[in-house]
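Data first, discussion second: the structure below is written as structure tokens.
The values are calculated or read from the model by the stated rules, or taken from the named source; none is laboratory data. On a predicted model such as this, the values are computed, not experimentally measured, just so you know. Note that we place each Cβ from the backbone using ideal geometry, even for glycine, and neighbour counts take in every protein chain shown. Heads up: the accessible areas ignore ligands, DNA and RNA and are worked out on the full protein's heavy atoms, side chains in. Shrake-Rupley method; radii C 1.70, N 1.55, O 1.52, S 1.80 Å.
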Amino acid sequence: MPEATSQALVRELAQRMGEFMLATAESTGTTTTLVDDALDQWLPMAITRDANCWIYGSQTAASSNRGIERRAKSWDETLHTLTLYVAMPAAMTSGDYEIHTRTARSRKLAAINSGIRLLGQSWYRDILDEASITTAANTLSYSLPATPLWYGVHSIQVQISTSAGIT
């Protein structure tokens, strides 16, 4: 599974909802226009007013556009251009921009965070500590490290040899 960053989780949720497009801004964009001819595959016809999809500056967008979410006013398929109601802080001339067609990206992130909060502290998590205890000849008891929460340990496995020839 890919790394579970908030960006990856939001994009996965939006894709499952059928409302996600990823645009790579072309150099002809401005603060109010996002130009990407690859969007034609999802937006084959002009939307002259009330496109109302959300545009979000990802981590590869211009630094002042990162994390900014704006609404699109219209789409011109002949110029491959989304026009925004309110300008971005910087021109959209490079980097990736997420486009969410029905629900704001911020609402998706809030829903994911709400679900994670419901997991609570009792949510099952594996503990893996391979270097805690080193055995010694003629020793039957050992002091355990205090770091893991031992009530959560459901099994202990013992490796009897580190020789590569033994399987």
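In table form, for the structure just shown:
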| read-out | value |
| --- | --- |
| So Ser58, is it under 18 Å from the mean Cα position of the chain (by Cα) and open to solvent by less than 40 Å² (accessible area, probe 1.4 Å) | yes |
| The range 95-113 - residue that is of a type in the set (Gly, Ala, Ser) and open to solvent by less than 50 Å² (accessible area, probe 1.4 Å) and, of those, nearest to Ser6 (Cα to Cα) | Ala104 |
| Number of the exception - Met17 against (1) among the aliphatic types (A, V, I, L, M); (2) surrounded by 14 or more Cβ atoms within 10 Å (Cβ to Cβ); (3) touching a residue at least 40 places away in the same chain (Cβ under 8 Å) | (2) |
| Residue list for the range 82-94, restricted to those being open to solvent by 20 Å² or more (accessible area, probe 1.4 Å) and out of contact with any helix residue (DSSP H, G or I) (no Cβ under 7 Å at 6 or more places or on another chain) | Thr83, Tyr85, Val86, Ala87, Ala91, Thr93, Ser94 |
| Single residue of the range 41-51 satisfying the filter (under 25 Å from the mean Cα position of the chain (by Cα) and open to solvent by 50 Å² or more (accessible area, probe 1.4 Å)) that is farthest from Ile99 (Cα to Cα) | Gln41 |
| Leu22 vs. criteria touching a helix residue (DSSP H, G or I) at 6+ places or on another chain (Cβ under 6 Å) and open to solvent by 40 Å² or more (accessible area, probe 1.4 Å) | no |
| All positions within the range 100-124 that are among the aromatic types (Phe, Trp, Tyr) and at pLDDT 90 or above | none |
